[in-house]
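Read through the structure below, which is laid out as structure tokens, and then see the notes.
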Amino acid sequence: MKIGKVLLLGRPNVGKSTFVNNLIGQKVAITSPKPQTTRFPIKAVYSEDRGKVIFVDTPGIFGKTEDYLSKKINEQTLKSLNEQVDLVIYMIDHTRKRDFEESRVLGMVRKIDKPKILVINKTDLQEKSYLPQYKFLEDEFSDVFQISGLNKTHFKPLIDKIFELLPPASAKSSAGKEEIPPDLTYPVLNIDSKIFIGELIREKIFLMMGEEIPYRTTVIVDEIAERKNGITYVKARILTTDDRYKKMIIGSDGHKIKEIGSYARKEIALAINKKVYLDLIVETDPHWQETYY
Ligand SMILES: Nc1nc2c(ncn2[C@@H]2O[C@H](COP(=O)(O)OP(=O)(O)OP(=O)(O)O)[C@@H](O)[C@H]2O)c(=O)[nH]1
Ligand SMILES: [Mg+2]
């Protein structure tokens, strides 16, 4: 048996959260085509016969951080770098050019004195590839795997290697050992149901609203209550920085918020296997970033 902790690093949008969800076989982190979807590290446990692995899915490291929220998000990932881990996965997306941001992440990875694995993701996309720009990394990383996190291809050799590199459960040094409760039922260690439901709603905003709004918005779940009729009542607020964003999220005659709410409600119901009534409102709060991040 092995138990260990694996830190997943990469710039935004390379597919870290998609990989973790598909490896664990359950959605633990929200994903979207927009960068900076993940806002705080998520610790999810992968379990099988050979043991248990805590994957720390981090927010993608941003090259430039001009606004308050980006700075906070980067800080969260930088904190993860100080965490005791047994192994690091550095994930890249070969469909995007190497640039300053990538160099910044690589610089951070280089400083970590732990076994490292390079994972080249999105190999299902072949038509536009910058793989030659990343070739030099193969000299630096002795273990390189090409996967498609989306299509779940080539996971097996990667997970075999992870188990090979992790210390045995008997080792004193294993980082993950103390953190996994013996009666683990839900695979995420650091998120409660209010945060998770808030994340599911936030994902719909990332998927359904234009460029700027997802970054000016968060979701707070105030109440989850079981009603006598068997319906789970969820009360949540979308907070956004500006009245004009609030208007856009609500949409004309409220059609947009209805759409977001309906999409989120279906997924929440599926996740908790209960009927859900979602009471969703939008509020303007120019200071939510300072309050909640
Ligand atoms: N074609 C393809 N798309 C992928 C793959 N993995 C992830 N994606 C897509 O890439 C986008 C970003 O995926 P995420 O998992 O949210 O990326 P992330 O690295 O967690 O991003 P941040 O949380 O912003 O750091 C989503 O649209 C995914 O569907 C893959 O293997 N192939
Ligand atoms: Mg993510």
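Matching residues to (1) surrounded by fewer than 18 Cβ atoms within 10 Å (Cβ to Cβ); (2) more than 16 Å from ligand 2 (Cβ to nearest atom):
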| residue | (1), (2) |
| --- | --- |
| Leu8 | no, no |
| Ser17 | no, no |
| Gly25 | yes, yes |
| Asp57 | no, no |
| Glu66 | yes, yes |
| Leu81 | yes, yes |
| Leu87 | no, yes |
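Residue-level check: of (1) outside any helix (DSSP H, G or I); (2) within 15 Å of the chain's Cα centre (by Cα); (3) over 20 Å from Ile117 (Cβ atoms), Tyr90 misses just (3). Per the conditions (1) surrounded by fewer than 19 Cβ atoms within 10 Å (Cβ to Cβ); (2) not assigned by TED's automatic domain parsing to the domain that holds His255, the sole criterion not satisfied by Ala175 is (1).
Out of all the residues in segment 144-157, is one or more closer than 27 Å to Pro115 by Cβ, of a type in the set (Gly, Ala, Ser) and surrounded by 18 or more Cβ atoms within 10 Å (Cβ to Cβ)? Checking segment 144-157: at least one residue is closer than 27 Å to Pro115 by Cβ, of a type in the set (Gly, Ala, Ser) and surrounded by 18 or more Cβ atoms within 10 Å (Cβ to Cβ). Quick check, is Gly254 in contact (Cβ under 8 Å) with a residue 24 or more places away in the chain and at positive phi? Criteria not met by Gly254.
Scanning segment 191-231 for residues that are part of a helix (DSSP H, G or I), among the basic types (Lys, Arg) and over 15 Å from the mean Cα position of the chain (by Cα) returns Lys194, Arg216. Within segment 38-59, can one find any residue that is more than 22 Å from Met108 (Cβ to Cβ), in the same structural domain as Asp160 (by TED's automatic domain parsing), modelled with pLDDT of 95 or more and part of a loop (DSSP other than H, G, I, E, B)? Yes, segment 38-59 has at least one match.
Within segment 133-154, residues that are closer than 20 Å to Lys16 by Cα sit with their Cβ atoms under 9 Å from residues that are modelled with pLDDT under 95, at 6+ positions apart or across chains, in these pairs: Val144/Glu138.
Within segment 83-95, residues that are over 20 Å from Phe62 (Cβ atoms) and not assigned by TED's automatic domain parsing to the domain that holds Gly10 have Cβ atoms under 7 Å from residues that are among the hydroxyl-bearing types (Ser, Thr, Tyr) and more than 15 Å from ligand 2 (Cβ to nearest atom) in no pair, counting only partners at least 6 apart in sequence or on another chain.
The listed residues are Ser193, Ser148, and the only one of them that is polar (S, T, N, Q), at negative phi and either modelled with pLDDT under 95 or in contact with a helix residue (DSSP H, G or I) (Cβ under 8 Å, 6 or more places away or on another chain) (or both) turns out to be Ser193. Inspect all residues belonging to segment 37-60 and state whether any of them is free of Cβ contacts under 8 Å to residues at least 40 places away in the same chain, closer than 26 Å to Gln133 by Cβ and within 11 Å of ligand 1 (Cβ to nearest atom). Checked segment 37-60: at least one residue is free of Cβ contacts under 8 Å to residues at least 40 places away in the same chain, closer than 26 Å to Gln133 by Cβ and within 11 Å of ligand 1 (Cβ to nearest atom).
The values are calculated or read from the model by the stated rules, or taken from the named source; none is laboratory data. A quick note: this is a predicted structure, and the numbers were derived from the prediction, not measured. Virtual Cβ from ideal backbone geometry, glycine too; neighbours counted across all protein chains shown.
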